[in-house]
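The values are calculated or read from the model by the stated rules, or taken from the named source; none is laboratory data. Bear in mind the structure is a predicted one, so any value in this text is a computation, not a measurement. When we count neighbours, we look across all protein chains shown, and the Cβ atoms used for this are built from the backbone with ideal geometry, even at glycine.
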Amino acid sequence: MPRTATINRETRETEISLTLNIDGSGNRDVSTGIGFLDHMLISFAVHGNFDLTLKCDGDLNVDSHHTAEDVGIVLGSAVKAALGEKPTIARYGSARIPMDEALGYCDLDICARPFLVFKAEFSGGKAGELDTCLIEEFMRAFAFNSGITLHIGADYGDNDHHKIESMFKALAYALKKAVEVKGGDVISAKGVL
């Protein structure tokens, strides 16, 4: 049975509808109103083999902060809901992804103890229409709403687009590994995640 979730969230700042199938094939229909964020989420879906349908109407007349953060909240919530009790998953995932001169990495633990360690520096204030400082905000919202301990960053790179995209792809590959169904008991000495 596919592991899926649909999350709808409406605030005074954003209205978001998202459907995620963790056991998909990379189908995607993404519209946030921020082209660069759409590109990153499409890369995430394609490289993770996740089916992702996302529509966000946000207060982009203010800036892109609320949209980026709230999309992270909803995507994290969908991952958590799709996994359910998660007793038989691999739990851990790691990936290092090169993109031209940049190298992004992601190490994560689906453990119900959310945490973020973010290590990336950007030379410009924007990537497309998205403020580069919002990449960390997105990742924090994703980690804390999915219940994932997330270490993510870019070891090096000159081009902000390449650094950010390598990080999103690394997140996709690491998550794909971590959600693999292993069977047997939960991978924890405590017996629960």
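I need the full set of residues from the range 39-56 which are in contact with a helix residue (DSSP H, G or I) (Cβ under 9 Å, 6 or more places away or on another chain) and of a type outside the set (A, V, I, L, M), in order please. If you could, list the steps in order and put the result at the bottom.
Our first condition is that a residue be in contact with a helix residue (DSSP H, G or I) (Cβ under 9 Å, 6 or more places away or on another chain); within the range 39-56, this holds for 39-41, 43-52, 54, 56.
The answer is His39, Ser43, Phe44, His47, Gly48, Asn49, Phe50, Asp51, Cys56.
Of (1) within 26 Å of Asn159 (Cα to Cα); (2) touching a residue at least 12 places away in the same chain (Cβ under 8 Å); (3) not acidic (Asp, Glu), Ile89 satisfies all except one. Which?
Only one criterion in (1) within 26 Å of Asn159 (Cα to Cα); (2) touching a residue at least 12 places away in the same chain (Cβ under 8 Å); (3) not acidic (Asp, Glu) is unmet by Ile89, namely (1).
Among the numbered conditions (1) surrounded by fewer than 23 Cβ atoms within 10 Å (Cβ to Cβ); (2) under 19 Å from His47 (Cα atoms); (3) in contact with a strand residue (DSSP E or B) (Cβ under 9 Å, 6 or more places away or on another chain), tell me where Asp155 comes up short.
Of everything listed in (1) surrounded by fewer than 23 Cβ atoms within 10 Å (Cβ to Cβ); (2) under 19 Å from His47 (Cα atoms); (3) in contact with a strand residue (DSSP E or B) (Cβ under 9 Å, 6 or more places away or on another chain), Asp155 misses just condition (2).
Applying the selection to the range 4-28, what residues are surrounded by 14 or more Cβ atoms within 10 Å (Cβ to Cβ), hydroxyl-bearing (Ser, Thr, Tyr) and farther than 17 Å from Ser146 by Cα?
Thr14
Condition check: free of Cβ contacts under 8 Å to residues at least 60 places away in the same chain and out of contact with any Gly (no Cβ under 6 Å at 6 or more places or on another chain). Does Val62 satisfy that?
Details: free of Cβ contacts under 8 Å to residues at least 60 places away in the same chain: yes; out of contact with any Gly (no Cβ under 6 Å at 6 or more places or on another chain): yes.
Yes.
Of the residues Leu60, Leu52, only one is among the hydrophobic types (A, V, I, L, M, F, W, C), out of contact with any Cys (no Cβ under 8 Å at 6 or more places or on another chain) and part of a loop (DSSP other than H, G, I, E, B); which? Write out each step before concluding.
Working: Leu52 fails: part of a loop (DSSP other than H, G, I, E, B).
The unique qualifying residue is Leu60.
Scan Asp107, Asp100 and give me the residue that is among the charged types (D, E, K, R), surrounded by 15 or more Cβ atoms within 10 Å (Cβ to Cβ) and over 17 Å from Glu137 (Cα atoms).
Values: Asp100 fails: surrounded by 15 or more Cβ atoms within 10 Å (Cβ to Cβ).
Answer to the selection: Asp107.
Please verify whether Val46 is among the hydrophobic types (A, V, I, L, M, F, W, C) and surrounded by fewer than 22 Cβ atoms within 10 Å (Cβ to Cβ), treating the condition exactly as stated.
Numbers: among the hydrophobic types (A, V, I, L, M, F, W, C): yes; surrounded by fewer than 22 Cβ atoms within 10 Å (Cβ to Cβ): yes.
So Val46 passes the test.
I need a count of the residues in the range 63-94 that are out of contact with any helix residue (DSSP H, G or I) (no Cβ under 8 Å at 6 or more places or on another chain) and in a loop (DSSP other than H, G, I, E, B).
Looking only at that region, the number is 6.
Across the range 11-69, what is the total count of residues that are under 18 Å from Cys133 (Cα atoms) and among the charged types (D, E, K, R)?
Total satisfying the criteria: 4.
What single numbered condition from (1) surrounded by fewer than 20 Cβ atoms within 10 Å (Cβ to Cβ); (2) more than 30 Å from Lys182 (Cβ to Cβ); (3) touching a residue at least 60 places away in the same chain (Cβ under 8 Å) fails to hold for Ser123?
If we test Ser123 against (1) surrounded by fewer than 20 Cβ atoms within 10 Å (Cβ to Cβ); (2) more than 30 Å from Lys182 (Cβ to Cβ); (3) touching a residue at least 60 places away in the same chain (Cβ under 8 Å), just (3) comes out false.
Residues to consider are Ile16, Ile97, Ile7; find the one that is within 22 Å of Phe122 (Cα to Cα) and not in a helix (DSSP H, G or I).
Working: Ile16 fails: within 22 Å of Phe122 (Cα to Cα); Ile7 fails: within 22 Å of Phe122 (Cα to Cα).
Going through Ile16, Ile97, Ile7 in turn, just one is within 22 Å of Phe122 (Cα to Cα) and not in a helix (DSSP H, G or I): Ile97.
Quick one: is Ala82 touching a Lys or Arg at 6+ places or on another chain (Cβ under 7 Å), modelled with pLDDT of 95 or more, hydrophobic (A, V, I, L, M, F, W, C) and within 15 Å of Leu171 (Cα to Cα)? Outline the logic, then answer.
Details: touching a Lys or Arg at 6+ places or on another chain (Cβ under 7 Å): yes; modelled with pLDDT of 95 or more: yes; hydrophobic (A, V, I, L, M, F, W, C): yes; within 15 Å of Leu171 (Cα to Cα): no.
Spelling it out, it is not the case that Ala82 is touching a Lys or Arg at 6+ places or on another chain (Cβ under 7 Å), modelled with pLDDT of 95 or more, hydrophobic (A, V, I, L, M, F, W, C) and within 15 Å of Leu171 (Cα to Cα).
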